[in-house]
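Here is the structure we will look at, set down as structure tokens.
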Amino acid sequence: MAVRLRWPEPPPAVRRWLPEPGEPIAPPATSSKLHDDRIAARLGIALAVTFTVCFLTGLWSHVQQDPPTWLAIPARPAGLYRITQGVHVITGLAAIPLLLAKLWAVWPRFVQWPPFRTVREALWRAALLPLVGGSLFLLGTGTANIAGWYPWKFDFRKAHFAASWLTMGGLLIHVAAVAGITAAALRRSLKEDDATDGRLSRRGFLGVVGAAAGVVTVTTAGATVRPLRALSVLATRDPGSGPQGVPVNRSAADAGTRGVDLGAYRLRVEGRVATPLVLTYDEVLAMSTRTASLPITCVEGWSASADWRGVPLRDLLRRAGAEPGAEVVLSSLEQRGAYRTSKVGQDHAADADTLLATHLDGQPLDPDHGFPLRLIAPNRPGVLQTKWVTTVEVR
Ligand code: HEM
């Protein structure tokens, strides 16, 4: 049996802003019919779907960058990360108008009196804190991240990751608590009692919110969905811009790798190999090469395809006599930065299209794309496509 809690009556000055005890969702604090559980239910479902998609694609991005020991990241399909991370950012951005509309529809509930009447209600209302706080944090920091704006001191990935678990935990409790109300609200027609008196109807309101989500999607999705590129006026990146027509996040100037001295440059293949290799740039160029058409996909969601030419990593490993299945770590000429080195998993190391590329679309790599040598591999976040590669270490 539910434990009922007794609350003191608030002072009259506060009381007149609060709904009557037990009032559902349209308290006297507001007269609009849009603060209605039929609207809240429909927006809730849209948000639950977009957040679940965001969560799953976000988790995938997390394991692609930090794979647990029991999970081998596949090299195929080559465009998998392009799709998952594109979908992550597209659904995340589309969730912004949905969340704002939902918060507006239910705000009178936040000032309901008493705030809770049973322990059960207290618990599910407490779950609103991580749910609402976490949602605002995820959408805010996510949007700032893709805009390249980092006004905070914390590690974005760690904070975004932790907030996503808190938010999804809050969402789970919320869904369990409101499942009954939602089912009842969905059975009621939106048209019923929808006289507008010249104001926006329920269907009109949901139409406006749906259109806003659609506009956000169409004006940003072109960073991933090529045919929408011309409409992508709000996308933070045009996938056709940048040196050699491919965008760059970390430039050679930022990395301190401008003007590499080719006379001194060497590619080393070392570690657990039968024959360590030390190759000049010309010796790398003289090896047999392969061209692969692969996308470069940023964790920020944008992606761009190009033709890359270079030496397959597996040929280099074979030539050095590396044990098959050994762990491979690439290091860059850059001295600092979170992505100076990257691990290449077994599946990627064995894939013919995992290249140490020297050319992009038929031209030698621009310094910003990693001249003299960069990794390009199928199904891999851009931050792990190490540029300015100088060492291949077999562990
Ligand atoms: C406007 C909305 C959002 C945008 C633009 C966005 C953007 C991003 C970006 C750029 C990353 C990659 C970060 C990196 O690896 O450096 C990321 C990762 C992630 N996102 Fe979001 N996000 C949004 C909303 C959400 C939501 C709503 C959830 C969960 C419900 C979520 C869960 C995750 C998770 C779990 C990761 C992986 C974090 C990690 O690598 O540890 N995101 N997001």
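The values are calculated or read from the model by the stated rules, or taken from the named source; none is laboratory data. Predicted model only: the values in this text are computed from it and were never measured. When we count neighbours, we look across all protein chains shown, and the Cβ atoms used for this are built from the backbone with ideal geometry, even at glycine.
Restricting attention to the range 87-112, and to residues there that are crowded, with 19+ Cβ neighbours inside 10 Å and more than 16 Å from the ligand (Cβ to nearest atom), which single residue is nearest to LEU234 (Cα to Cα)?
In this case the residue turns out to be ALA105.
Among the helices (runs of 4 or more DSSP H) confined wholly to the range 121-236, which include 1 or more residues that are more than 12 Å from the ligand (Cβ to nearest atom)?
Filter on the range 121-236 gives 156-187, 202-220.
Please enumerate the residues belonging to the range 264-303 that are away from the ligand (no atom under 16 Å from the Cβ) and within 30 Å of THR143 (Cβ to Cβ).
LEU294, PRO295 - these are the residues of the range 264-303 that are away from the ligand (no atom under 16 Å from the Cβ) and within 30 Å of THR143 (Cβ to Cβ).
Kindly list, by first and then second residue, each pair from a residue in the range 164-185 that is closer than 20 Å to LEU34 by Cα to a residue that is among the hydrophobic types (A, V, I, L, M, F, W, C), limited to pairs with Cβ atoms under 6 Å and residues at least 6 apart or on different chains.
From the range 164-185, the pairs are THR182/ALA41; ALA185/ALA41.
If we keep just the residues of the range 306-347 that are over 20 Å from VAL269 (Cβ atoms) and crowded, with 17+ Cβ neighbours inside 10 Å, which is modelled with the highest pLDDT?
Top of the filtered list is ALA306.
Determine which member of the set VAL216, VAL225, VAL248 is in the same structural domain as CYS298 (by TED's automatic domain parsing) and closer than 22 Å to VAL299 by Cβ.
On inspection, the qualifying residue turns out to be VAL248.
Yes or no: ARG117 of a type in the set (D, E, K, R), touching a Leu at 6+ places or on another chain (Cβ under 7 Å) and not assigned by TED's automatic domain parsing to the domain that holds ARG340?
Judged against the criteria, ARG117 is a match.
Restricting to strands (runs of 3 or more DSSP E) lying wholly in the range 271-369: which have 2 or more residues that are of a type in the set (Ser, Thr, Tyr)?
Once the strands (runs of 3 or more DSSP E) in the range 271-369 are filtered for at least 2 residues that are of a type in the set (Ser, Thr, Tyr), what remains is 290-297, 303-312, 328-332, 341-344.
From the list LEU285, LEU294, LEU277, which one is buried (at least 20 other Cβ atoms within 10 Å of the Cβ) and not assigned by TED's automatic domain parsing to the domain that holds TYR81?
Sole residue among the options that is buried (at least 20 other Cβ atoms within 10 Å of the Cβ) and not assigned by TED's automatic domain parsing to the domain that holds TYR81: LEU294.
What number of residues within the range 76-93 satisfy the criterion of being farther than 24 Å from ALA48 by Cβ and part of a helix (DSSP H, G or I)?
So the answer is 3.
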